[in-house]
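Report on the following structure.
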Amino acid sequence: MTDTPLAAAQHDLARAYAGGAPGVLVSGLVWLVAGAMWQLHGTMAAFAALFFGGMAIHPLGVLVERVAFNAPKATIGKPLETLAIEATVPLFAGVLIAWVLLVRAPDLAIPIFAAIVGTRYFLFRTMYGEIAYWALGAVFLLIAAPSLFGFAWPVNIGFLIGVAELIFAVLILRRWRSRT
């Protein structure tokens, strides 16, 4: 690790949020629930699970960080926490777009939502100094893009995204632990 202010802030933020792995874990569980809702009750139910579950990701992730990892609060990582908050604004725009698509093109709503969430993960590389977030964002896009062009996966993408996030949560956690 270099001794730059950015590297110090990344290290601090990664320490405070266990590399972001608990949030990815909770998000993966939300996507699995959304996949189940999609399978059982349709796109609208899946979207509702993503919307309401998405609001719970940060608080539940913080709970896991504090309880399971006894993670301290960020001190010098505050500017990067601001980046995370700023990155939420386009996420809200994406939710609005996906919501509109629920009525106009329901088959595109969840894939668009996945693509938007995936693009947000690219910012996590800067926030945590962890390159695995670029790979996670790319996986989201690789899963979502074919669906946007009419390709039907053998299972709904809620399950695919959820499983991918669970795998990446373990990978990110291991990488974070190896650096602490």
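Values quoted throughout were computed directly from the atomic coordinates according to the rules given, and no laboratory measurement underlies them. What you see is a predicted model, and the numbers here were worked out from it, not measured in a lab. As a convention, Cβ positions derive from the backbone with ideal geometry for all residues, glycine included, and neighbour counts pool all protein chains shown.
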**OP:** Compare V103, V95, V170 in a GNM of the chain, Cα atoms joined below 10 Å, and give the one with the largest fluctuation.
**Re:** V103
Subject >> Residue-wise HN-Hα coupling along the range 78-91, computed from phi with Karplus coefficients 6.51, -1.76, 1.60 (Hz; x: Gly, Pro) >> reply: 3, x, 6, 5, 4, 4, 4, 5, 4, 6, 6, 4, x, 4
Subject >> Whole-angstrom gap from the range 20-74 to the range 118-161, using each part's C-alpha centre >> reply: 16 Å
**OP:** Neighbouring Cβ atoms within 10 Å as the yardstick, rank S147, S27, S178 fewest first.
**Re:** S178, S147, S27
**OP:** Could you check the simple spin-label distance between V155 and T126, using points 7 Å along Cα→Cβ, in nm with one decimal?
**Re:** 3.4 nm
**OP:** Report, in degrees rounded to the nearest 10, the 0 to 90 angle that the Cα long axis of helix 106-128 makes with the longest principal axis of the chain.
**Re:** 10 degrees
Original post:
When the chain is treated as a GNM, springs tying every alpha-carbon pair under 10 Å, which of A98, A68, A46 comes out with the largest mean-square fluctuation?
Top reply: A68
Subject >> Packing-based exposure ordering (other Cβ within 10 Å, fewest first) of W38, W99 >> reply: W99, W38
Original post:
Which FRET efficiency value, to the nearest 0.05, do you get for F92 and D3 by plugging their Cβ-Cβ distance into 1/(1 + (r/R0)^6) with R0 = 30 Å?
Top reply: 0.25
Original post:
Relative to the present Cα-Cα distance, how much length would full extension add between A56 and L40 at 0.36 nm per residue of separation?
Top reply: 3.6 nm
Original post:
Can you give the relative contact order of the range 5-179 as a percent, counting alpha carbon pairs under 8 Å and 6+ residues apart?
Top reply: 34 percent
**OP:** May I ask you to derive the FRET efficiency for A138 and R104 from their Cβ-Cβ distance with R0 = 35 Å, giving the value to the nearest 0.05?
**Re:** 0.80
**OP:** Would you indicate which of (i) 0.99; (ii) 1.04; (iii) 1.32 is the value of Rg/Rh (Cα atoms, Kirkwood Rh) derived from the coordinates of this structure?
**Re:** (i)
